[in-house]
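Take a look at the structure set out below.
No lab work stands behind these numbers, since they all come straight from the coordinates. In this text the structure is predicted, and so the values were computed from the model without any measurement. Cβ atoms come from the backbone with ideal geometry, glycine included; neighbour counts cover every protein chain shown.
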Amino acid sequence: MNNLELIPVWFIALYVGLFGLCVGSFLNVVALRGLSGENMVFERSKCPKCQNQLKWYMNIPLLSYIFLRGKCAFCKTKISFQYPLVEFICASMFLLSYFAFGLSLKALFLCIIFALFIAMSTTDFLETVIIDYHAYILLGVSLLYSYLNLGDVNIIQALIGAGFGFLVFEVLARLGYLFAGCRMFGEGDSLIALGLGAIFGWKGLIIVIALSILIQTFSVIPILIYQSFKENKKALCVSYILVFFSIILLFLMNHFQFIKNDVTYTILTIFVAILLLWALKNILAEIRNKKLDETKEGEEKFCLMPFGPALLISATICIFYVAQIKSYILNFFS
Ligand SMILES: [Zn+2]
C-alpha cells in the first residue's frame with residue numbers, strides 16, 4: 001500500500017490550497033514587478049503608496065487582506081482587490097488540478113501552467129501587456145508537458161501546434177491592417193497561442209480559439225454596448241447590439257433544427273447578414289477614429305479589447321473538458 005493513501009484527502013487538499021495561496025501571492029509580485037521591470041524576488045514587499053516595508057504578518061495571503069480590511073496598515077491606502085483575487089484563483093486552480101488528477105506529475109505540471117496563465121492574465125488585465133518571458137516559459141513548460149506524454153498530444157503534435165497557433169494569430173492580427181489600419185490583437189496573443197498550441201496540438205487549439213471567441217463576445221460586447229451608450233454614439237451602440245444578438249441567433253438557429261432547411265431560415269440569414277455588414281461598417285469606422293486619436297499620442301496600439309484573458313480562460317476550461325466541447329462543436333456544424 002502506498003504511504004500517501006494513509007493521509008486523508010482533506011488534509012492533502014488543505015496543504016495544496018495553502019500552497020496555491022502562497023504561489024498566488026508570489027504571482028501578484030511577478031505580475032507587478034514584471035510590468036515595472038523591478039527586481040523580481042529579492043526585494044521585500046513595500047506599500048506602493050507610502051513605501052513602508054511590510055511586516056511578515058501583513059504579507060499572509062488572503063488573511064492579511066481580510067484582517068487589514070483591504071487597507072495599508074501604515075497609511076490606510078486601499079489595497080487593490082487584485083491581490084486577494086489572484087491568490088484565491090490560484091488556490092482554486094491548484095485544488096481543481098489535485099481533485100482531477102491526484103498527487104501526480106500531470107497535476108504538478110498543470111499547476112505550473114495555471115500559475116503562468118494567471119500571471120499573464122493579470123498583466124493583460126492591468127496594462128494590456130503580455131510579458132515576453134512569461135510566454136516563453138509557458139512554451140517551454142508546455143513542450144515538456146507534451147514530451148512527457150502528460151497531455152493529449154505527443155511532442156511532434158505539440159511542435160506543429162505551437163507553430164500553427166503563432167501563424168494563425170499573426171495572420172489574423174495582420175488582417176486588421178487591411179480593414180482598420182492596425183493589428184487586430186497585440187503580439188502577446190500570438191505568443192500565448194504558441195504555448196497553447198504546444199499543450200493542445202493544432203486540432204485542440206482550434207477548439208480553444210472557438211470557445212475563447214464565445215467568451216470574448218459575451219464578456220466584452222456588453223461593455224462596448226454600455227460605453228457607446230454612455231458616449232451617446234447611437235449607431236455604434238446599435239451595431240454592437242446587432243453583433244451580440246446575431247451570435248445568439250446563430251446558436252438558436254442551430255439549436256432548434258426546425259428552423260433549418262426552411263425558407264424562413266434563408267430569408268432570416270440574408271436579413272441578418274445585411275444588418276451585420278452595416279454594423280461592421282460602423283465598428284470599423286470607430287476603430288479607425290480611435291486609431292487616429294492614439295497615433296496623435298504617439299502610441300502604437302491594437303484595436304480590439306485584450307484577447308489574452310479570454311484565450312487563457314478558454315484554455316483552462318479545455319484542459320478539463322476538451323472532449324465534451326469538441327463533440328458539442330462537431331454536433332453544432334453537422
Ligand atoms: Zn501604505
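Some points to look at:
- Folded to 0 to 90 degrees: helix 308-333 orientation relative to the chain principal axis, Cα: 50
- Judged by the gyration tensor of its Cα atoms, with axes a ≥ b ≥ c, region 147-267 is oblate; a/c meets the 1.5 cut and b/c is at least as large as a/b.
- Counting neighbouring beta carbons within 10 Å and listing from fewest to most, the residues ARG69, ARG174 come out as ARG69, ARG174.
- DSSP-assigned coil residues among chymotrypsin sites (Phe, Trp or Tyr not before Pro) in region 6-66, each with at most 11 further Cβ atoms within 10 Å: PHE42
- For the chain, the direction-averaged projected area of the alpha-carbon convex hull comes to 21.9 nm².
- In this calculation the C-beta distance from LYS71 to TYR321 is compared with R0 = 30 Å, giving a FRET efficiency of 0.15.
- Prolate/oblate/rounded label for region 114-160 (Cα gyration tensor, a/c 1.5): prolate
- Top of SER190, SER97, SER36 by mean-square fluctuation, Gaussian network on the chain, Cα under 10 Å: SER36
- Computed extension length for VAL263-LEU276: 2.7 nm, one decimal, from 0.36 nm per residue of separation with the Cα-Cα distance subtracted.
- Each residue of region 274-286 was assigned a 3J(HN,Hα) from its phi angle through the Karplus expression (A = 6.51, B = -1.76, C = 1.60, θ = phi - 60°), giving 5, 4, 5, 4, 4, 5, 4, 4, 5, 5, 5, 4, 5 Hz with x at Gly and Pro.
- Choice from ILE113, ILE215, ILE60 with maximal GNM fluctuation in the chain (Cα, 10 Å cutoff): ILE60
- Helices in the chain, meaning DSSP H runs of at least 4 residues, each add -39500 (n - 2.57). Divided by all residues, the mean residue ellipticity at 222 nm is -25500 deg cm²/dmol.
- Fraction of alpha-carbon pairs over 25 Å apart in region 1-103 - percent: 29
- Taking each of LYS78/LYS230; LYS55/LYS78; LYS78/LYS233; LYS76/LYS230 in turn, the alpha-carbon distance tops 23 angstrom for LYS78/LYS230; LYS78/LYS233; LYS76/LYS230.
- About its Cα centre, the chain has a charge dipole of approximately 760 debye under the convention of +1 per Lys or Arg Cβ and -1 per Asp or Glu Cβ, with nothing else charged.
- Gyration tensor (alpha-carbon) shape descriptor, region 64-140, a/c threshold 1.5: oblate
- If only the Cβ of Lys and Arg carry +1 and only the Cβ of Asp and Glu carry -1, the dipole of region 1-103 around its Cα centre is close to 660 debye.
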